[in-house]
Amino acid sequence: MFKFKTIIMNYNSISPHLMLPFSFVKGSFQQRQQKAQKCVEHLYNDFLPKFNRGKVQFSEVQKSVDKVLENKVKVHVIKNYAPDEYGGQDVSISEFSGKLSAITLELETPKHNALRFIDVPTVVHEFQHVADQLFHPKFLARYQYMSSEGLYTPKYSRLYDNFLYSYDAPSGRKEKAKILKHIEYKLKRFLRGLPAEDKINYIQDARYFLMSEDNAYRTQYKYAKKMEKRHINLLEEDLEKQNKQFMFKEKIDLLTKMGFEIIQKERKKMAKMPKYKMYEDL
């Protein structure tokens, strides 16, 4: 049976500081995703009532995050100083062990250290990423493996930013098909000449990121609409369904198909190898 030898990514490889108890994360993928969504709902319900005259102190986000997660994991709410970004989500890596040590939730630096109602959709968007990573441990395990193996390269970042996490806004099926064909071409060029296990790592990593973005934009829209019903003014873009414009589903399906094709190709190669050679490699 085909398998990769060097990919050792399991729940126990992640720092205990980034692990929810197994009782929290057990279940099918869909069950865990529902738990992640429920976690975001708890944050929203705890955070929104803190607003006073349309503002809330930045520090209150951290308090709500800690309360919802019951201080079981390290999630640091920090200020994002990038001028063109409302928020972000990342991880901290230990200088000593080289492993992930904390998750960060990053928000645009607020004026007078106070957040406004229009910042709430960004808060829940970024917290959805946090919840996805916590309730799907393989997301963080893959990130840790990719980081430790030096697979996060500028070339990969450009591929992801320019062709995968891109706002395509196709006008119809023909344009959508053309975009996907171009993305597939770019992916194959990037993967050309790499070992099969690296190809799978890149494909799975991109899949996980896009899956979480798909979740985050759905969450952003869901809570923006809830706030709109309360007659709270928000940014127009938060009240738009942006998932289709990013073509998340189609790109995820493309990556899944390509990953399957790579695995099938490797299995066929191994089937042609002498038996003694196959056992030696496994």
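Rounded to the nearest whole angstrom, the semi-axes of the ellipsoid equivalent to region 94-200, taken from the Cα gyration tensor as √(5λ), stand at 29, 25, 12, largest first.
Go through region 23-118 and name the trypsin sites (Lys or Arg not before Pro) that are in a DSSP coil and have 13 or fewer other Cβ atoms within 10 Å of their Cβ. Sparse-neighbourhood loop trypsin sites (Lys or Arg not before Pro): K26, R53. Between K257 and N233, the distance separating the two model label sites (each 7 Å from Cα on the Cα→Cβ line) works out to 4.6 nm. The longest part of the chain holding none of the exposed loop GluC sites (Glu not before Pro), meaning those outside H, G, I, E and B in DSSP with at most 11 other Cβ atoms within 10 Å, is 96-282.
Between Y185 and Q31, the distance separating the two model label sites (each 7 Å from Cα on the Cα→Cβ line) works out to 4.5 nm.
Using the empirical formula 2.2 N^0.38 Å as the baseline, the Cα radius of gyration of region 82-125 reaches a ratio of 1.44.
The order of T122, T109 by accessible area, most exposed first and with a 1.4 Å probe, is T109, T122. Of the cross-linked pairs K38/K229; K138/K268; K99/K155; K111/K226; K241/K265; K67/K226, those separated by over 32 Å at the C-alpha level are K241/K265. The angle separating the long axis of helix 120-135 from the principal Cα axis of greatest extent in the chain is about 40 degrees.
Within region 155-282, the percentage of alpha carbon pairs spaced more than 18 angstrom apart rounds to 62%.
Pairwise Cα distances in the chain exceed 30 Å for 37 percent of all pairs. First check a/c for region 159-223, with a ≥ b ≥ c the square roots of the eigenvalues of its C-alpha gyration tensor; if it is under 1.5, answer rounded, and if not, answer prolate when a/b is larger than b/c or oblate otherwise. Oblate.
Leaving out ligands and nucleic acids, and using a 1.4 Å probe, what accessible area per residue does the chain come to in Å²? Kindly include the intermediate steps, with their values, before the conclusion.
Numbers: 16190 Å² over 282 residues.
With all protein chains present, the chain gives 57 Å² per residue.
For H76, the accessible surface of its heavy atoms amounts to roughly 80 Å² (probe 1.4 Å, protein chains only, rounded to the nearest 10).
Expressed as a whole percent, the accessible surface of the chain that belongs to carbon and sulfur atoms is 52, based on a 1.4 Å probe. Normalised size of region 32-149, defined as Cα radius of gyration per 2.2 N^0.38 Å with N residues, equals 1.08.
The values are calculated or read from the model by the stated rules, or taken from the named source; none is laboratory data. None of the values given here were measured: they were computed from a predicted structure. We place every Cβ from the backbone using ideal geometry, glycine too, and count neighbours over all the protein chains shown. For accessibility, only protein heavy atoms count, side chains too; no ligands or nucleic acids. Shrake-Rupley method; radii C 1.70, N 1.55, O 1.52, S 1.80 Å.
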